[in-house]
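Just so it is clear, none of the values below were taken in a lab; they were calculated from the coordinates. Quick caveat, the model's predicted, so the values are computed rather than measured. Here Cβ is always computed from backbone atoms with ideal geometry, including for glycine, and neighbour counts include all displayed protein chains.
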Amino acid sequence: MKENFSSTQSITQILTSIEQEQFTGWLDAESATGLQWRVYICLSRLLWADGGTHPHRSWRRLLAKYAPKLNLNQVKIDDADQYECWNYYVLTLLLKRNLIEGDGATALIQNKITEVILDILHEEESGEELNYTLKPESTNFLMEAGLKVSVSVVTIKQALFVVKQERSAWCQRGFSIWSPNLSPIIKDPAQLQKAVSTIVYQNFTRLFNGKLTLRDLALQMNKDVVLLTASISTYVLRGWLDLLEVPDLPPHQTPLKPVVKTISQVQETAPTKTSSSSTVTVQAVPSQPLIVCIDDSPQIHQIMQQILTLANYRFLAIQDALQAVPTLIASSPDFVFLDLGMPILNGYEICAQIRRVTKLQNIPVVILTSNDGIVDRMRSRVVGASGFLGKPIVEDKVISMVKKFLGDGK
């Protein structure tokens, strides 16, 4: 029998009340505006949670974080749509096919549950009226919903402890009225440009475009969402940036990918049966040219990644100079941007190494440097560089340089 709760009870109170009851079933939360969440529970342990404002965006973001080498668009799961918890079912198959590590799958589930409870708490504390329904079910129901394989279970006590810590950190910074699902966008470019350096403003214009949420950006920039929000809160409060609601991603849009990660390429091209009724097909990597940026600056990687991926190129960042040539050999790029001023190995030495590798000899290598001098240009040509691009990075110049060597066709 379903049990309905009054709007005065919070999700933390409801979960705590069933902690010792060996409850199996689900807990629904629904707002007056129509937002819905569902938490799946087995023997008072949390199995999975989903729903809310951005279920697809959240799924891709977490998958990108915990399976960074996987491009979900290259994976086809034939029968996932029949399950209520289709994404959990996909996760179990990815785990079975070794396309995600066990620790990564566990962390993904734990973070997904945390995100859902945090979003419900945000709605509660924002004054939104929520209705809760607790529905006992058999374990057969959970299996039919796609929760056949128990990848990880989270105790209610453990989940609420993490939620309390994260919510407290968020609110202590004064962000209680903001949701991490909001997207920053430049509201007053003139004032913002006066307040920050040129390179920071360029970074802001590429990242804060109203398309990525604070959670998305935290992944892109490899930064804690609280610290990221704190770093831009002054500009929001001054009215130079604004935080907007954005829609969810469509089901088949390219997953969000973190910067400074290995290329999202699965080294498997043939379909492999995982069971008599399910097939995982890993398709070939898309045909867009792969552009590599070798630079010891994460900020440069962030700028280049934004420019190039928005132009529909694939992107790979290499920060460790010692791993540059081996990574290039493994990834077979179409174009390389190479910084000169790096520790241990400088750009001249790396370029010379590239030209000694037969499969890399004809790849365009464009030097990046803030020292745009004739000596640098001459020395770059001696070691085999194809071109020269000065810093700070300018979007039009980057794209023009790529098109100069690769043409307009992608």
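Couple of notes before you dig in:
- For the range 290-406, the alpha carbon convex hull comes to 90 Å³ per residue, rounded to a whole number.
- Take every DSSP beta bridge whose two residues both sit in the chain; close to 65 percent of them are antiparallel.
- When the convex hull of its Cα atoms is projected in every direction, mean area for the chain (nm²): 22.3 nm²
- Per-residue Cβ neighbour rank within 10 angstrom, fewest leading, His56, His301: His56, His301
- The relative contact order of the chain comes to 16 percent, based on Cα pairs under 8 Å that sit 6 or more residues apart.
- Counting only aspartates and glutamates at least 8 places from Lys359 when in the same chain, those with an alpha carbon closer than 18 Å to its own are Asp334, Glu349.
- Positive-end ranking of Thr12, Cys171, Gln110 along the dipole of the range 3-172, with charges on Cβ about the Cα centre, is headed by Gln110.
- Aspartates and glutamates whose Cα lies under 16 Å from that of Lys211, excluding same-chain neighbours fewer than 8 positions away: Asp242, Glu245, Asp248
- Taking the range 183-244 and dividing mean pair separation by its residue count, relative contact order in percent (alpha carbons under 8 Å, at least six apart): 54 percent
- Among Ile186, Ile41, a tally of other beta-carbon atoms within 10 Å of each Cβ gives an order, fewest to most, of Ile186, Ile41.
- Checking the Cα-Cα distances for Lys112/Lys164; Lys69/Lys391; Lys112/Lys223; Lys194/Lys403 against a 22 Å cut-off, the pairs over it are Lys69/Lys391; Lys194/Lys403.
- Per principal axis, descending, Cα span of the range 3-172 in whole Å: 45, 38, 29
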